[in-house]
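Each remark here refers to the structure printed beneath this line.
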Amino acid sequence: MNKTLSEHRLRAAFSQLKKAIGGYGFTVADAEKVLDLSKRSVSLILSELVEEGLIVRTGRGIYAFSEKPSPLVSPETLLEDSRKLYRALEDKGIQFALSCLDILADYTHLILRRYPHFCWVLTGSEDWAMEVVEAAGFVPLRNPNSDQLTIALDLTPANELTVIRKTTIFYAVDDGVASVERALVDLHYEVTRDRYPLDAAELIRMYYNALTAVSLEYPKMLRYAGLRRFRSEIEWVLWKFKDRIDIPSTYIKKPQSPNKFIRQLPSLDEALR
């Protein structure tokens, strides 16, 4: 989607509406009064807020705020071990992004007692990051595959194993913490490419749990997947979920024929059995 409004302006308008209107439904006229803008500008804002999934259109010229909350992700919301890892990397000034289950633990279907931490670091700083992670009491592994991680988990105390991967892309990262949207895309890639020891059915269940629990920014998810060159796979997931989850139609695009990575994923019904 090509945005015509800046993210800052859109969020400011949303905050104004939310503060003035609260949890009630509202009309275009209500929005014009609150925002004190032209009818054309208000129409554009409302249209983009609908596309973002922050509000829903309930009738002709009538809107309501999405019932699903926005996901709250920050260093303070991380689990204890993840916060320890975060502090160690932040203290040394490394550019990094914690992702995967460090961010998505709340959306697991199973209660995962042990899982490897996952950290992107700026290309060229991998050796430094490995040293910092190890000094903090974690066991770092650079670019392992799923088999290597599974073996390492058997030999490593709970929640100390840390995957280190390099990147130059820090889109959808705030203060060293990946957004839920980015973390889902990262986890999708890691699981489908056999780089992270998580069952494919659990990946689909986590998609379902996240998509139904919080109001995700689909443009952010799709843009990041595009930057990583597998946007069509995320489009496929949204397409498959469209009959079970209320996803804005803007983001429901019939995807290309599924590639080998998509074909290995179970259907939602199979995953939820």
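What to note about this one:
- Each residue in segment 75-125 was checked for being surrounded by 14 or more Cβ atoms within 10 Å (Cβ to Cβ), among the polar types (S, T, N, Q) and not in a helix (DSSP H, G or I), and 4 of them qualify.
- Residue list for segment 227-250, filter: farther than 19 Å from D186 by Cβ and not β-branched (V, I, T): W239, K240, K242, D243, R244, D246, P248, S249
- Candidate set: segment 152-208, residues that are aromatic (F, W, Y) and touching a residue at least 60 places away in the same chain (Cβ under 8 Å); chosen: the one surrounded by the fewest Cβ atoms within 10 Å (Cβ to Cβ): F170
- Qualifying residues in segment 207-231 (those that are over 11 Å from the mean Cα position of the chain (by Cα) and of a type in the set (A, V, I, L, M, F, W, C)) - the one modelled with the highest pLDDT: L227
The values are calculated or read from the model by the stated rules, or taken from the named source; none is laboratory data. Not measured: the values here are computed from a predicted model. Counting neighbours? That spans all protein chains shown, and the Cβs are built from the backbone with ideal geometry, glycine included.
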